[in-house]
Amino acid sequence: MLGIKLKKKDKCILRALLEDGRLSYSELGRSCGISRQVAFERVKKLTEAGIVKRCSLSLDADKLGFSFQAYVLIIAKPEGRLRSELIDFLTNNHNVRRIQLLFGRFDLFLEVLFHEKDEMTEFLKAIQSFGAVERTETFIVYQTIKEKLEDPFLECFADEDSSSDRKESGGDG
């Protein structure tokens, strides 16, 4: 269920941009049956509403020499100056792609990229030197099977006509 009720043209715009974020406003308008100016205004409103956070490229880390991708879980001491220093370090570190606060056994989840093993080792030593860190656990990625960050959203923005057609035919085909 969507948190915000979107108009059909907004769903079309979002789906088209998820499939190809390089579309011009003219191409976007054509694919959604609206004018270039309406496409521009709708994207602007979706951005102002915070639905569209940013537009970016998806790069191939391996081809750019980032041969070590890892996930680091951290158990940290409760809030305080030491924890703030740790979060500042992580926030400003160029190898950290994502930081998430967690409920559960671990407090922080990091997604990190490195060119080489020694670089990752030094990063992990630096993290463990912070007084706020009680324990870390690192998972090194050796192969990515699927990376389609847009997939969960594409179904949300499916055209109602095509989704009702799928239901009537009894499948996704």
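Computed values, structure above
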item: Number of the exception - residue 91 against (1) touching a residue at least 12 places away in the same chain (Cβ under 8 Å); (2) polar (S, T, N, Q); (3) farther than 30 Å from residue 158 by Cβ; result: (1)
item: Subset of the range 79-95 [at pLDDT 95 or above and outside any helix (DSSP H, G or I)]; result: 93, 94, 95
item: Odd one out for residue 46 among (1) closer than 23 Å to residue 116 by Cα; (2) surrounded by 13 or more Cβ atoms within 10 Å (Cβ to Cβ); result: (1)
item: Any chance residue 38 is modelled with pLDDT of 95 or more, among the hydrophobic types (A, V, I, L, M, F, W, C), surrounded by 11 or more Cβ atoms within 10 Å (Cβ to Cβ) and not in a strand (DSSP E or B); result: yes
item: Residue selected from the range 1-15 under the condition part of a helix (DSSP H, G or I) and aliphatic (A, V, I, L, M), by the criterion farthest from residue 157 (Cα to Cα); result: 13
item: Pick from the range 16-30, criterion surrounded by 15 or more Cβ atoms within 10 Å (Cβ to Cβ) and more than 16 Å from the chain's Cα centre (by Cα), ranking: nearest to residue 157 (Cα to Cα); result: 16
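Okay, residues lined up against (1) in contact (Cβ under 8 Å) with a residue 40 or more places away in the chain; (2) within 30 Å of residue 142 (Cβ to Cβ); (3) aromatic (Phe, Trp, Tyr):
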{"residue": "25", "(1), (2), (3)": "no, no, yes"}
{"residue": "31", "(1), (2), (3)": "no, no, no"}
{"residue": "44", "(1), (2), (3)": "no, no, no"}
{"residue": "67", "(1), (2), (3)": "yes, yes, no"}
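The values are calculated or read from the model by the stated rules, or taken from the named source; none is laboratory data. Because the structure is predicted, anything quoted here is derived from the model rather than measured. All Cβ positions, glycine included, derive from the backbone under ideal geometry; neighbour counts span all protein chains shown.
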